[in-house]
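Below is one structure; the comments refer to it alone.
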Amino acid sequence: MGCRACIAACHTENHLTPGSPWITAIEYERGRYPNARTVFATVGCMHCEDPPCQVACDGVGAHAISRNDYGVVIIDYDRCIGCRYCAAACPYGAPQYNHEVASLFPEGGADTPHTLQERHPTHRKRAGVVEKCTQCWHKLEPAIEAGRADLIGKEPRYTPSCDAVCPVGARIFGDLDDPESAVSRHVARKNATQIKKAYGTRPLVHYVLEGGDF
Ligand code: SF4
């Protein structure tokens, strides 16, 4: 419904600076007057199975981008050299260069981290690196380590904050490898598609869009 609560939650959870959003909203019109309506969607990192950002990063020798066993593509800030080749390689505009340490939350930042995301060793907030969506890996990893991966996507503390706050359940997160998971069943039932402009990157994010793709 275009409320952008997911974007606000992402900024808060991940301590984002105003100039480096990890999710953006797009809107477009379907139909013709008087039966036209606005359709909303959000775009962020697609956590591609074949991520060109990683290829670009490896190409410059930084090796800061990796895809973990759970399909989450993560940038290691300790390795990132801020060259932004990943941003140029990503077809979805996901990687965001951070020009400044967080300014929205002056009590936080590199020296005094206070968000869960900042306490994650490889994601300590800092300027001069490229950032992007981590699917709130700092919230997923504790569930996995505790042997409670089954709670991911169900309990807010183990669920990406964008998904947890969506007031209309438009975002669904879970295990696509499990055919019985809510997200798998939803994808099958609703005939979800990957973004049309897949560019051969095999995105893990799927969309159910009224009127087709965008
Ligand atoms: Fe990399 Fe962009 Fe794919 Fe995310 S959407 S994994 S940043 S290429």
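Odds and ends about this structure:
- Checking each residue in the stretch 69-85 for being loosely packed, with under 15 Cβ neighbours inside 10 Å and under 17 Å from Pro160 (Cβ atoms) picks out only Gly71.
- Taken over the stretch 18-44, the criterion of being at pLDDT 85 or above, outside any strand (DSSP E or B) and loosely packed, with under 11 Cβ neighbours inside 10 Å is satisfied by Arg32, Tyr33, Pro34, Asn35, Ala36.
- Ala56 being small (Gly, Ala, Ser), outside any strand (DSSP E or B), within 16 Å of the ligand (Cβ to nearest atom) and farther than 20 Å from Leu204 by Cα: no
- Within the stretch 160-186, the set of residues being farther than 16 Å from Val72 by Cβ and in a helix (DSSP H, G or I) comprises Ala164, Val165, Ala182, Ser184, Arg185, His186.
- Index of the failed condition, Asp50 passing every other in (1) touching a helix residue (DSSP H, G or I) at 6+ places or on another chain (Cβ under 7 Å); (2) of a type in the set (D, E, K, R); (3) near the ligand (Cβ under 9 Å from one of its atoms): (1)
- Filtering the stretch 3-36 to residues that are free of Cβ contacts under 8 Å to residues at least 60 places away in the same chain and touching a Ser or Thr at 6+ places or on another chain (Cβ under 7 Å) leaves Ala25, Glu27, Glu29.
- Each residue in the stretch 1-17 was checked for being among the β-branched types (Val, Ile, Thr) and at pLDDT 90 or above, and 1 of them qualify.
- In the stretch 25-47, the qualifying residues are those that are within 16 Å of the ligand (Cβ to nearest atom) and among the hydrophobic types (A, V, I, L, M, F, W, C), and the one that is nearest to Ile81 (Cα to Cα) is Cys45.
- Failed criterion for Gly93 (all others in (1) of a type in the set (Gly, Ala, Ser); (2) within 11 Å of the ligand (Cβ to nearest atom); (3) surrounded by 15 or more Cβ atoms within 10 Å (Cβ to Cβ) hold): (3)
- Taking the numbered list (1) closer than 27 Å to Gly153 by Cβ; (2) at pLDDT 95 or above; (3) touching a Cys at 6+ places or on another chain (Cβ under 8 Å) in turn, Ser66 passes all entries but (3).
- Considering only residues in the stretch 59-90 that are more than 16 Å from Arg202 (Cβ to Cβ) and charged (D, E, K, R), the one that is nearest to the ligand (Cβ to nearest atom) turns out to be Arg84.
- Pairing residues of the stretch 161-172 that are farther than 18 Å from His138 by Cα with residues that are buried (at least 17 other Cβ atoms within 10 Å of the Cβ) and of a type in the set (Asp, Glu), at Cβ distances under 6 Å and at least 6 apart in sequence or on separate chains, gives Arg171/Asp163.
The values are calculated or read from the model by the stated rules, or taken from the named source; none is laboratory data. Owing to the predicted nature of the structure, the values given are computational and were not obtained by experimental measurement. With ideal geometry, Cβ positions are generated from the backbone for all residues, glycine too; neighbour counts draw on all protein chains shown.
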